[in-house]
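So the structure is just underneath, and the comments pick up after that.
Rule-based calculations on the coordinates, nothing more; no lab input. These figures come from a predicted structure and were not determined experimentally. FYI the Cβ positions are ideal-geometry reconstructions off the backbone, even for glycines, and counts take in every protein chain you see.
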Amino acid sequence: MEHTISINAQKERKVTDTKSVPFGKIPTEHMFIAEYRDGAWHEPQIVPFRDITLSPMALCLHYGQTVFEGMKAFVMEDGKINIFRIHKHYDRFMKSLTRMCMPHIPRDLFVKALHQLVALDADWIPKEEHGSLYIRPFMIATENRIGVKISEEYLFMVVCSPAFQYYSKPLKVKVETTYVRSAEGGTGAAKCGGNYGGAFYPTQQAQQEGYDQILWTDAKNHEFIEESGTMNALFYIDNVLVTPPLSSSILDGVTRDSLITLAREKGIIVEERAISYKELERAFKEGKKVIAFGAGTAAVIAPIESICINGTAYNCYIEKDAIMYELQNDLLNIRKGTTEDKHKWNFIL
Ligand SMILES: Cc1ncc(COP(=O)(O)O)c(C=O)c1O
């Protein structure tokens, strides 16, 4: 079925000076909204950004049936606009929805919604280096019912916000060996709200101890690195780029996938395998150069300055010639259109 999106456009709000505003704080002028009921999507529309009303009995408020995505649009060197890897984000969104028993959205509706919304609010995309438009598609369960059940009604919405660098400096992280973010067979591979709410307390504890982020470990042994905050974790030791393999407990990061693809193309050996904190500890103790970084849409790459393992902080290599900056530049050049987009990652409006 072809979906026609009705558009109620306004041009009233001025584009705000976005550089000094914290990530995700200002919405652009419009949003997309569609309602699911009686087994189908209805009234897809782009409207001026506004609040929504929900019954206090809406299921999403009680049982966490919510899923979201996070992706970015860029102004390219030639002035065209590019939504990066729209189809991979769509695929992941569908996987998350399946895991949370939520209805899928037709691909053409998803693509059209993002295309039309981003085109309408294109003047909100910062053109400066590291500027982008953060796009947040999400779905919530809206059936009014206090009872633990799968909702029969949903809202699918897309909002956008101008974005710059997520972290202003390299991170101090701690290997977490008490709390877990998710376990094998759990919802870690789904981008559902509960994963994040559950991570707040351990992250707050770590921040009170002076760390910026946590390196999560596996739920069984608290030994193997999983990921960090809203990023996948990558390490470059002995000329090999190592990252934990995809599993049911970590998110299949689009940035992770992009960076390891680019790394392999440069001839770098990439290993997707379990990496124990003991292996990291050994490398540090042997005086090896350890490069560690997070990879995610919001931050792109976040260099890690130090890793605390069982109370001892070890310094990582973060000088300008570290491999992560080169990989980041390769990625940025594809997004900007200054190098060939061999894998058709750019969705150009
Ligand atoms: C838990 C988690 N891991 C990893 C990532 C990185 O994924 P991506 O590169 O697709 O943004 C994110 C961000 O979406 C995340 O929330």
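Here is how the numbers come out for the structure above:
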{"read-out": "Gained length - Lys11 relative to Arg145, 0.36 nm times residue gap less alpha-carbon distance", "value": "44.4 nm"}
{"read-out": "Beta bridges per DSSP with both ends in the chain, % antiparallel, nearest 5", "value": "80"}
{"read-out": "Under 17 Å from Lys14, Cα to Cα: aspartates and glutamates that are on another chain or at least 8 residues apart", "value": "Glu29, Asp121, Asp123"}
{"read-out": "Potential extension, Lys220-Asp341 segment - 0.36 nm per residue separation minus Cα distance", "value": "39.5 nm"}
{"read-out": "Fraction of antiparallel bridges per DSSP, the stretch 171-335 only, in percent to nearest 5", "value": "65"}
{"read-out": "Percentage, to the nearest whole number, of Cα pairs in the stretch 1-103 over 22 Å apart", "value": "50"}
{"read-out": "Neighbourhood net charge (13 Å Cβ-Cβ; Lys/Arg +1, Asp/Glu -1) for Ile309", "value": "+1"}
{"read-out": "Aspartates and glutamates with Cα under 16 Å of Lys289, excluding same-chain neighbours fewer than 8 positions away", "value": "Asp238, Glu279, Glu281, Glu305, Glu319, Asp321"}
{"read-out": "Size descriptor, Kirkwood hydrodynamic radius, that averages inverse alpha-carbon separations across the stretch 171-335, Å", "value": "15.8"}
{"read-out": "Rough spin-label spacing in nm, given labels placed 7 Å along Cα→Cβ, for Ser20 and Gln207", "value": "2.2"}
{"read-out": "Pairs of lysines in the stretch 66-201 (C-alpha under 15 Å apart; 8 or more residues apart or interchain)", "value": "6"}
{"read-out": "Theoretical FRET efficiency, 1/(1+(r/R0)^6), r = Cβ-Cβ of Thr178 and Arg282, R0 25 Å, to 0.05", "value": "0.65"}
